[in-house]
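Take a look at the structure below.
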Amino acid sequence: MKKILLFDTSICTENLGDYLIMESLKLELRNIFQNDFFIHVPTHDKLWKNSFEQIKKSDFLFVCGTNLLSSNMNSYNQWKINLFDSLFLKNIILMGVGWWQYQKKPNIYTKKLLNKILHRGYLHSVRDNYTLNKLKSIGIKNVINTGCPTLWHLTKKHCESIPTKKAENVLFTFTNYNQNYNLDLKLFEILKRNYRKLYFWPQSFDDLKYANEISKKNIILINPNLKALDEILDSNIDLDYVGTRLHSGIRAMQFKRRTIIIGIDNRAIELSKDSYITLIKRDEIDFLTEKINSNFETKISLPCKHIEKWKKQFIV
């Protein structure tokens, strides 16, 4: 029996999207390592003695999803590691990891850090070509674009069962840390004109406060937990998803809901280039009304060969 260690992005976070990501990644990894033992350590908090002891004893180390990498990890590091930690961190494997925002070339500190800790033999899985090219620019060549693992089960057959016509109601989201009041207000007004009931799900703690400022509380609140989200997505309510939260939208597609992502940063925009999720950039919000009222198919493009290649390297 092997020990599989996960650098878990859902520990010490208030963003429920991290839980959505981790759920998909754990499912995929447990299918690969069916008889093995899993242990979790945080990415969003510093590692201490017990974490390093577990890391030393583990057979595989996986960093799980989200936008943990940046070009200046000495000054902005969602993944709370540093060069001192790299004395104890070796042979880490990326799974569905992305880059934080559009940035300049990685600095020398980031190059040194990532080259010291990332595995030189196994292939790393990243979620988009932007991240892949950033890693290659600092000499890390053993990288393939697998898309985000939350998309891996959105097969052609699955997508064909997603409605093409507008629903009567909508589930929507806002992003508290990336606000544009005027454009977000315009988004809300478009939804109010085109749907009968507006349901709001706060993916993060301050999302609701911001939504209330825009909507004047003229929304139906879905409780801030994954169970409540899944219940409405699995209900008989005729429902579309439209919102700025990427992984809430992917969850909606997992439940066969017609989905329009409002792109506010590089994560959704880059993913749409590779995977063809239905996306409208926030600064092009005037096109949303037409998109809502049009018929469109959900056609997710999956890099299936890359996904299988990444998985099979762990199967002995």
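Condition first: closer than 30 Å to Glu308 by Cβ and outside any loop (DSSP other than H, G, I, E, B). Can you find one or more residues in the stretch 70-84 that meet it? No: the stretch 70-84 contains no residue that is closer than 30 Å to Glu308 by Cβ and outside any loop (DSSP other than H, G, I, E, B).
Looking across the stretch 109-153, just one residue is at positive phi and surrounded by 19 or more Cβ atoms within 10 Å (Cβ to Cβ), and that is Gly147. Out of the residues in the stretch 125-140 that are in a loop (DSSP other than H, G, I, E, B) and not charged (D, E, K, R), state the one that is nearest to Lys26 (Cα to Cα). Here the answer is Ile140. Ser71 passes every criterion in (1) under 15 Å from the mean Cα position of the chain (by Cα); (2) within 23 Å of Ile269 (Cα to Cα); (3) crowded, with 21+ Cβ neighbours inside 10 Å apart from (1). Across the stretch 277-316, the qualifying residues are those that are aliphatic (A, V, I, L, M) and within 20 Å of Asp240 (Cα to Cα), and the one among them that is surrounded by the most Cβ atoms within 10 Å (Cβ to Cβ) is Ile277. Would you confirm whether or not the stretch 265-276 contains a residue that is surrounded by fewer than 21 Cβ atoms within 10 Å (Cβ to Cβ) and aliphatic (A, V, I, L, M)? Yes, there is a match, as at least one residue in the stretch 265-276 is surrounded by fewer than 21 Cβ atoms within 10 Å (Cβ to Cβ) and aliphatic (A, V, I, L, M).
Taking the criterion of being part of a helix (DSSP H, G or I), within 16 Å of Gly147 (Cα to Cα), in contact with a Gly (Cβ under 9 Å, 6 or more places away or on another chain) and touching a residue at least 60 places away in the same chain (Cβ under 8 Å), would at least one residue in the stretch 257-267 satisfy it? Checking the stretch 257-267: at least one residue is part of a helix (DSSP H, G or I), within 16 Å of Gly147 (Cα to Cα), in contact with a Gly (Cβ under 9 Å, 6 or more places away or on another chain) and touching a residue at least 60 places away in the same chain (Cβ under 8 Å). Only residues that are in a helix (DSSP H, G or I) and surrounded by fewer than 20 Cβ atoms within 10 Å (Cβ to Cβ) were counted in the stretch 52-68, giving 5. Here Leu114, Leu27 are screened, and the one residue that is in a helix (DSSP H, G or I), free of Cβ contacts under 8 Å to residues at least 24 places away in the same chain and touching a helix residue (DSSP H, G or I) at 6+ places or on another chain (Cβ under 9 Å) is Leu27. Of all residues in the stretch 268-298, exactly one satisfies the criterion of being part of a loop (DSSP other than H, G, I, E, B) and modelled with pLDDT under 95, namely Tyr276.
The values are calculated or read from the model by the stated rules, or taken from the named source; none is laboratory data. These numbers were taken from a predicted model, which means no experiment stands behind them. Heads up, the Cβs are rebuilt from the backbone with ideal geometry, glycines too, and the neighbour counts pull from every protein chain shown.
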